[in-house]
1. Ignoring everything except DSSP H segments at least 4 long, calculate the 222 nm mean residue ellipticity for the chain; use -39,500 (n - 2.57) per segment, divide by total residues, nearest 500.
2. Bin width 10 Å, origin at 0, all Cα-Cα pairs of the chain: what percent of pairs per bin?
3. With θ set to phi - 60°, apply the Karplus curve 6.51 cos²θ - 1.76 cosθ + 1.60 along the stretch 10-15 and write out the HN-Hα couplings as whole Hz, x wherever there is a Gly or Pro.
4. How large a share of the accessible area of the chain, in percent, is made up of carbon and sulfur atoms when the probe is 1.4 Å and the other protein chains stay in place?
5. Relative contact order of the chain: what whole-number percent is it, with Cα pairs under 8 angstrom and at least 6 residues apart?
6. If you place +1 on the Cβ of every Lys and Arg, -1 on the Cβ of every Asp and Glu, and leave all else neutral, what size is the dipole of the chain about its Cα centre, to the nearest 20 Debye?
7. Express the accessible area of the chain per residue in Å², computed with a 1.4 Å probe while the remaining protein chains stay in the model.
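The values are calculated or read from the model by the stated rules, or taken from the named source; none is laboratory data. This one's a predicted model, so the numbers in the text were calculated from it and none came from an experiment. Using ideal geometry, Cβ is built from the backbone for each residue, glycine included, and neighbour counts are taken over all protein chains shown. Surface areas here come from the heavy atoms of the whole protein model, side chains and all, with no ligands, DNA or RNA. Shrake-Rupley method; radii C 1.70, N 1.55, O 1.52, S 1.80 Å.
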Amino acid sequence: MNQSQPEDDRRTRLSDIEASLERLRADLPPPPADATDFVDSGQYLAAREELQGQIELLEAERERLRADLGLS
């Protein structure tokens with residue numbers, strides 16, 4: 001994103017990102033109840049890492065937009 005994009009569009013994108021972050025954080029899977037099941041533990045870790053990666057990308061974009069809009 002850059003400042004050539006209209007401010008309203010950046011604010012709309014910022015709102016979308018914040019909603020997505022809230023949804024992704026709610027979707028983070030809880031740890032498996034039975035830690036001895038390696039398959040479940042592996043699937044849990046893979047799912048959590050994927051969501052964490054998406055969250056980190058959105059957080060970085062959110063921070064760039066906030067800085068562009070003077071909200072930092």
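1. Numbers: 2 runs with 52 residues, N = 72.
Theoretical 222 nm ellipticity from helices: -25500 deg cm²/dmol.
2. Computed distribution, short to long bins: 19, 38, 22, 14, 7, 0.
3. Ordered by residue, 3J(HN,Hα) equals 5, 5, 4, 4, 4, 4 Hz.
4. Values: 2560 of 5060 Å².
Result for the chain: 51 percent of the exposed heavy-atom area is carbon or sulfur.
5. 47
6. Details: 9 positive and 17 negative charges, 56 e Å.
Its charge dipole is roughly 260 debye.
7. Numbers: 5060 Å² over 72 residues.
Accessible area per residue: 70 Å².
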